[in-house]
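Step one of this worksheet: look at the structure below.
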Amino acid sequence: MADTAQYLTLGIDQELFGIDIRNVREILDMRPVSKLPHAPSFLLGMIDVRGTGYPIVDLRTKLGLPRMEPTDATRIIILDVPVKGRTLGVGFVADRVFEVTGLDDDHTEAAPDVGGRWQSNYIAGIGRKGEAFIVVFDLERLMETDDLPAFAGLATESAA
């Protein structure tokens, strides 16, 4: 019998993505974000959640898609993201959040090797739910190319 992992599914543009539910702290409605001078384009700024500051990443920009104005469906997903041996609290902005769903490990495939310069290192795997494909993020790889030194000490936990 295949192991089944649980993923939070979310939509960016017309695509479906998954984040391991073990990394999800909470899901928030979109709210004003305090901008940070000279921040990289994917970093919208910071929000305060019950006295803790979280950097907010625009997943659309991070994935090379154009920015969009938030809608009623836009959500901020607060995550524990492994970064350089520690866990950093980061908020990801998603166009919409759907549900928690299980994906069988036996039905999850690696990203296809199509050659060229397609950036696929952030993909942990591609699962299926009915007729839909779910691209599962590898959060560490998604964030590893970005240096976030300004956030040292914010919303962090030491890695075990």
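General observations
- Extension gain, ARG96 to ALA132, is 11.4 nm, computed as 0.36 nm per intervening residue step minus the present C-alpha separation.
- Charge dipole of the range 1-146 (Cα centre as origin; +1 on each Lys and Arg Cβ, -1 on each Asp and Glu Cβ, all else neutral): 640 debye, rounded to the nearest 20.
- Length available on full extension from LYS35 to GLU144: 0.36 nm per residue minus the Cα-Cα distance, which gives 37.0 nm.
- Local electrostatic count, ILE12, Cβ distance below 14 Å [Lys/Arg +1, Asp/Glu -1]: +1
- Burial ranking of peptide ranges 51-58, 39-46 (average Cβ count within 10 Å, highest at the top): 51-58, 39-46
- Taking a straight Cα-Cα cut-off under 22 Å and skipping sequence neighbours fewer than 8 places away in the same chain, the lysines within cross-link reach of LYS62 are LYS35, LYS84.
- A protection proxy built from the mean count of other Cβ atoms within 10 Å ranks the segments 123-136, 61-74, 97-110, most packed first, as 123-136, 97-110, 61-74.
- Candidate aspartates and glutamates - alpha carbon under 17 Å from LYS129, same-chain residues fewer than 8 apart omitted: ASP3, GLU15, ASP20, GLU99, ASP104, ASP105, ASP106, GLU109
- Cα-based Rg and Dmax for the range 30-106, where Dmax is the largest Cα-Cα distance (Å): 13.7, 45
No lab work stands behind these numbers, since they all come straight from the coordinates. As the structure is a prediction and not an experimental result, all values here were calculated from the model. Neighbour counts run over all protein chains shown; Cβ positions are idealised from the backbone, glycine included.
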